[in-house]
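Reading through the structure tokens given below for one structure.
Values in this text are rule-based calculations from the coordinates and carry no lab data. Please read these numbers as outputs of a predicted model, since none were measured by experiment. Here the Cβ is made from the backbone with ideal geometry for all residues, glycine too, and neighbour counts use every protein chain on show.
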Amino acid sequence: MAPPVPGPNPPKRRRPRAVMFAALAVAVVVGALVAVLATRPPASSTAAASPLLGKPAPAVTGPALTGAPVDLSSLRGRFVVVNFFASWCPPCQVEQPELVQFAFQHRSAGDAQVLGVVFADRSASAARFLATTGGQWPAVADPGGQIALDYGVRGPPETFVVAPDGLVVARLLGAVKAADLDQVLARARAEGA
């Protein structure tokens, strides 16, 4: 038997090295993205268009999480901040201290009231969330999502400011700040609301 004849050298496999460099490049890009997102300030609310602006606010009625009856129309004569929230929503957790501050600042003057609407959450979880974060305003469960549908809410947090005459003057998407709400109220007052 004759010894095997050596043939041409098989090509060197560079594939593992190329895969390693590609994985390293992806890791660097992902790492940079994480660093940017981790170091930027949390997102704040953004004013948004709504077909409700300048129109009467849709009804918000029902039993509060505490059992007492709630009716948005009974709050006429002051600004009402209608806040759609959920206990599982991270931006809602971020905005909650701001809403507490806003409510506290306006409580003695009686010129503004926060009214919560539970969005896709269990009433017990929402009630616990409000109790542990200092939210002492009424909140209404919306089990069928009809209130959210009437307002055009896609997800929490979303906030509507209703003027003393019952007209919607602002829609804010994302976590609100007390200062932003005060600016909305000042602008609405300047425009005659």
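Brief remarks on what is shown
- Rounded to the nearest 20 debye, the dipole size of the stretch 78-134 about its Cα centre is 160 debye, using +1 on the Cβ of Lys and Arg and -1 on the Cβ of Asp and Glu.
- Formal net charge of residues neighbouring ALA175 (Cβ-Cβ distance under 11 Å; K, R +1; D, E -1): -3
- Test item: Cα-centred dipole of the stretch 46-190, Lys/Arg +1 and Asp/Glu -1 on Cβ, debye: 100
- Note on the stretch 161-192 and the stretch 84-120: Cα centroid distance 14 Å, given to the nearest whole angstrom.
- Site pair GLN93 and GLN183 shows an inter-label distance of 2.7 nm when each label is modelled 7 Å from Cα along Cα→Cβ.
- Taking 0.36 nm per residue of sequence separation and removing the Cα-Cα distance, the LEU53/ALA190 pair yields an extension gain of 47.7 nm.
- Extension gain (nm, one decimal) between ARG17 and THR133, 0.36 nm per residue minus Cα-Cα: 36.5 nm
- Each of SER108 and ARG78 was given a label point 7 Å from its Cα along the Cα-to-Cβ line. The distance between the two points is 1.4 nm.
- Neighbour cut-off at most 10 other Cβ (10 Å), DSSP loop, trypsin sites (Lys or Arg not before Pro), the stretch 107-193: ARG154
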